[in-house]
């Protein structure tokens, strides 16, 4: 996930770079590159898993930089460039080679490009709005979460040997929809305010146990369902609130 960072013009410029956070960013970038190579070779499960590995490293680099006070202007820009490869180019290429390439004409390529373009716009918008944004929410679906929806789908269907030929139309709709959600204005909870001292209701305990059991039973399916639910939670919540307001007014 993208993490709020100070404005780049306020960060000190140094001739050297910090090793640890930039090494983690490099690992995320390599995982995205590995996903691309795996997809070209036809190993789509490895490609999908590699993008999830990139998510782990991407989640660590910013946190490590803040914990160790090793933030830098170079690190901010490097992280954004790595994200566009790992969560923009890689998922678009994986889904295109996996399913969309078989669509007649250039519609498959167009769908993949819409997703990649949306990821680039999403990351650019995040960088320029980071100081003004509420840290509790992302404006638009974060690119790692968007990539997780698509790569979770690839992972689940590939491991079950599902014939995706009859599903190419739905896959095209999904990749375009996820791309548009990235550049939307829907607010997504960022989970950055969570802390060990956070109080939750007793009802949350059985839900967490259920998620854990499902993950033990089918990890790929659980991850896919969680990220898919997260991706569509914001627009559904906005529609629900508008529907309630219209009902009250009527």
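The values are calculated or read from the model by the stated rules, or taken from the named source; none is laboratory data. All of these numbers come straight from a predicted model, not from anything done at the bench. For neighbour counting, all protein chains shown are included, and Cβ atoms are generated from backbone atoms with ideal geometry for every residue, glycine included.
Look at residue 103 and say whether it is touching a residue at least 40 places away in the same chain (Cβ under 8 Å) and closer than 25 Å to residue 219 by Cα. Can you show your working first?
On the way: touching a residue at least 40 places away in the same chain (Cβ under 8 Å): yes; closer than 25 Å to residue 219 by Cα: no.
It is false that residue 103 is touching a residue at least 40 places away in the same chain (Cβ under 8 Å) and closer than 25 Å to residue 219 by Cα.
List the helices (runs of 4 or more DSSP H) that sit entirely inside segment 139-236 and contain at least 3 residues that are at pLDDT 90 or above.
It comes to 143-159, 168-182.
Yes or no, residue by residue, for (1) at pLDDT 95 or above; (2) over 21 Å from residue 177 (Cα atoms); (3) outside any helix (DSSP H, G or I):
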position	(1), (2), (3)
39	yes, yes, no
54	yes, yes, no
61	no, yes, no
64	no, yes, no
70	no, yes, yes
76	no, yes, no
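Which one of the conditions (1) free of Cβ contacts under 8 Å to residues at least 40 places away in the same chain; (2) touching a helix residue (DSSP H, G or I) at 6+ places or on another chain (Cβ under 6 Å) does residue 65 fail to meet, given that it meets all the rest?
It is condition (1) that residue 65 fails.
Checking the condition on the phi > 0 side of the Ramachandran plot, touching a helix residue (DSSP H, G or I) at 6+ places or on another chain (Cβ under 6 Å) and in contact (Cβ under 8 Å) with a residue 24 or more places away in the chain, which residue from 111, 140 passes?
140
Looking at this structure, is residue 87 within 28 Å of residue 163 (Cβ to Cβ) and free of Cβ contacts under 8 Å to residues at least 24 places away in the same chain?
Against the criterion (within 28 Å of residue 163 (Cβ to Cβ) and free of Cβ contacts under 8 Å to residues at least 24 places away in the same chain), residue 87 does not qualify.
Please work out which one of (1) surrounded by 14 or more Cβ atoms within 10 Å (Cβ to Cβ); (2) out of contact with any helix residue (DSSP H, G or I) (no Cβ under 7 Å at 6 or more places or on another chain) is the condition residue 147 fails and give its number.
Status for residue 147: all satisfied but (2).
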